[in-house]
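Working notes, structure below.
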Amino acid sequence: NPVADIVLVGGTYLTHYAMSVGTLTQQMLQQFHFDRVFISCTCADLEEGLAYVNELDTLAIKNLACENGDYSYLLLDSSKLNRRSFCKLGSLSSFEKVICDDNADLKDVPDNFILV
């Protein structure tokens with residue numbers, strides 16, 4: 001007895017990231033409004049205050065989802081912190097919350113961080 005409908009987004013499927021990308025994906029996502037958007041990133045630099053991804057295709061999809069959502073949440077693990085990658089996803093402060101595992105060495109995280 002499912003309580004939710006599942007909608008699959010078309011486009012080019014990237015098995016490594018388990019997500020669809022491309023023009024078809026963007027066209028479909030433009031039709032939706034999201035209450036909450038949960039996305040991941042390749043890495044994040046706390047000093048710079050930015051989150052990163054590796055590819056332009058994934059960047060476009062994640063940005064579009066965030067634009068169409070009321071609240072955006074970034075999911076990452078502490079091994080991805082204090083590193084940089086190719087594409088700037090956005091400011092860490094632009095996310096409602098950044099959810100990260102609780103690493104004992106992690107100090108001075110921004111106010112919107114939730115350590116679990």
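The values are calculated or read from the model by the stated rules, or taken from the named source; none is laboratory data. If you're wondering where the values come from, they're calculated on a predicted model, not measured in any experiment. Cβ placement follows ideal geometry from the backbone for every residue including glycine, while neighbour counts extend to all protein chains displayed. We work out accessible area using only protein heavy atoms, side chains counted, and drop any ligands, DNA or RNA first. Shrake-Rupley method; radii C 1.70, N 1.55, O 1.52, S 1.80 Å.
The table below gives the values:
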item	result
Filter result (part of a strand (DSSP E or B) and either open to solvent by 90 Å² or more (accessible area, probe 1.4 Å) or of a type in the set (Asp, Glu) (or both)) within segment 53-82	Asp70, Tyr71
Members of segment 83-105 found to be part of a loop (DSSP other than H, G, I, E, B), closer than 15 Å to Val53 by Cα and not aromatic (Phe, Trp, Tyr), listed by number	Arg83, Arg84, Ser85
Filter result (in contact with a Ser or Thr (Cβ under 6 Å, 6 or more places away or on another chain) and in contact (Cβ under 8 Å) with a residue 40 or more places away in the chain) within segment 21-49	Val21, Thr42, Cys43, Gly49
Residue satisfying all of: in segment 91-116; of a type in the set (Asp, Glu) and over 13 Å from Leu76 (Cβ atoms); surrounded by the most Cβ atoms within 10 Å (Cβ to Cβ) among these	Glu96
Given (1) over 13 Å from the mean Cα position of the chain (by Cα); (2) farther than 21 Å from Gly22 by Cβ, index of the condition Ser85 fails	(2)
Filter result (over 12 Å from the mean Cα position of the chain (by Cα), under 23 Å from Asp5 (Cα atoms) and surrounded by fewer than 18 Cβ atoms within 10 Å (Cβ to Cβ)) within segment 27-52	Gln27, Met28, Gln30, Gln31, Phe32, His33, Phe34, Asp35
Subset tally (residues that are open to solvent by 40 Å² or more (accessible area, probe 1.4 Å), in contact with a Gly (Cβ under 8 Å, 6 or more places away or on another chain) and among the polar types (S, T, N, Q)) for segment 7-25	2
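Yes/no per residue for (1) acidic (Asp, Glu); (2) in contact with an Asp or Glu (Cβ under 8 Å, 6 or more places away or on another chain):
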| residue | (1), (2) |
| --- | --- |
| Leu64 | no, no |
| Asp77 | yes, yes |
| Asn82 | no, yes |
| Glu96 | yes, no |
| Asn112 | no, yes |
